[in-house]
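Heads up: the structure comes next, in structure tokens.
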Amino acid sequence: MPLTASLHIATALRQGRTIVSRSFCTQPFKIVNTTEDKLRADLQLMLMNASPGILDNDGYDLAIDVAEGCMLTVETQSYQRVFQMKQGAVQKFVVRLKTASTFAFLPHPLVLHKGAVLRSQAAIYLEKGCRLLWGEVISCGRKLNGEIFQFSLYHGLTEIFLNERLVVKENLVLQPGETNLHAIGQWEGFTHQSTLLFIDEQVNVQATIDLVVQTLDNLAGIRFGVSALPVNGIIVRMLGYKAEELFTLQRQLGSVLQTALVGSPKKLESHVA
């Protein structure tokens with residue numbers, strides 16, 4: 001039986017700390033506060049999913065509202081698996097950041113099983129002075145089972161709006177039956193891909209690009225590119241052979257970027273594991 005699941009999280013400021021002001025979720029979702037230091041200004045939540053994975057005709061609707069001045073990080077508990085399908089599944093994510101708020105979301109890798117069909121849509125609305133860290137890691141499938149690019153379709157659409165104006169559009173279509181993903185200009189023999197988007201009006205973009213290049217330049221088995229966005233931010237794309245490796249590296253970069261200071265690349269470098 002198809003599953004329709006919904007989740008909504010809203011934050012507020014209380015005595016300088018970010019708190020959950022409203023939350024709602026249906027099965028299989030669950031929200032857990034993982035903030036270790038309750039005196040911290042930022043809030044860390046874990047999104048848990050009791051389902052083994054996404055099945056045919058499932059629909060996920062997630063919404064997050066970050067109030068003015070709030071700082072929210074949402075983590076996931078485990079890999080998201082997308083099983084074999086006939087019609088496909090849909091996942092929708094809407095994020096709204098009020099003035100001078102911060103939101104970070106670096107979920108575990110997405111594993112597309114043989115015959116999987118997933119359409120994922122994310123709309124992110126930023127106001128003035130916001131900081132956004134948004135990532136994704138996509139696996140070729142159950143690699144150890146021999147399922148390399150045997151999924152049917154993955155269509156990921158990410159749109160970022162600044163003051164209601166579209167400033168970034170990431171439109172990724174992976175369809176192994178129609179496109180040779182091993183070809184030049186595609187994944188070129190790699191089996192996993194990571195995408196990281198970082199936007200912050202205060203960050204020194206060129207210094208941050210230089211730091212990312214220095215961090216990734218000598219890593220074996222990784223190919224990457226980093227570019228400035230049309231707004232004050234960067235996009236980092238990585239290709240590799242292991243989901244966990246890219247996920248760990250993405251989190252390390254995320255930690256670096258979230259502590260970014262204008263014109264201070266040496267201080268950033270000290271945070272790299």
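Each value in this text was obtained by applying a stated rule to the coordinates, not by laboratory testing. Small disclaimer: the values here were computed from a predicted structure and weren't measured. Every residue, glycine among them, receives a Cβ derived from its backbone with ideal geometry; neighbour counts consider all protein chains shown.
Each peptide in 10-17, 216-223 receives the mean, over its residues, of other Cβ atoms within 10 Å, and ordering these scores from highest gives 10-17, 216-223.
Computed from the C-beta positions of Q87 and Q15, the FRET efficiency with R₀ = 45 Å rounds to 0.40. Helices in the chain, meaning DSSP H runs of at least 4 residues, each add -39500 (n - 2.57). Divided by all residues, the mean residue ellipticity at 222 nm is -3500 deg cm²/dmol.
Secondary structure note: in the range 4-269, about 45% of the DSSP beta bridges are antiparallel. Here the simple spin-label model places points 7 Å from the Cα toward Cβ, and for V213 and Q252 these points are separated by 2.0 nm.
Multiplying the residue separation of T76 and E201 by 0.36 nm and removing their Cα-Cα distance gives an extension gain of 42.3 nm. The stretch between K242 and A183, if pulled fully straight at 0.36 nm per residue, gains 19.3 nm over its current Cα-Cα span. Relative contact order for the chain: 12 percent, from Cα pairs under 8 Å spaced at least 6 residues apart, divided by residue count. Segment T99..R119, full-extension length gain: 4.2 nm, with 0.36 nm per residue of separation and the alpha-carbon distance subtracted.
Relative to its residue count, the range 4-269 spans a Cα convex hull of 129 Å³ per residue. For the chain, the tally of Lys pairs with Cα-Cα distances below 25 Å comes to 15, considering only residues 8 or more apart or on different chains.
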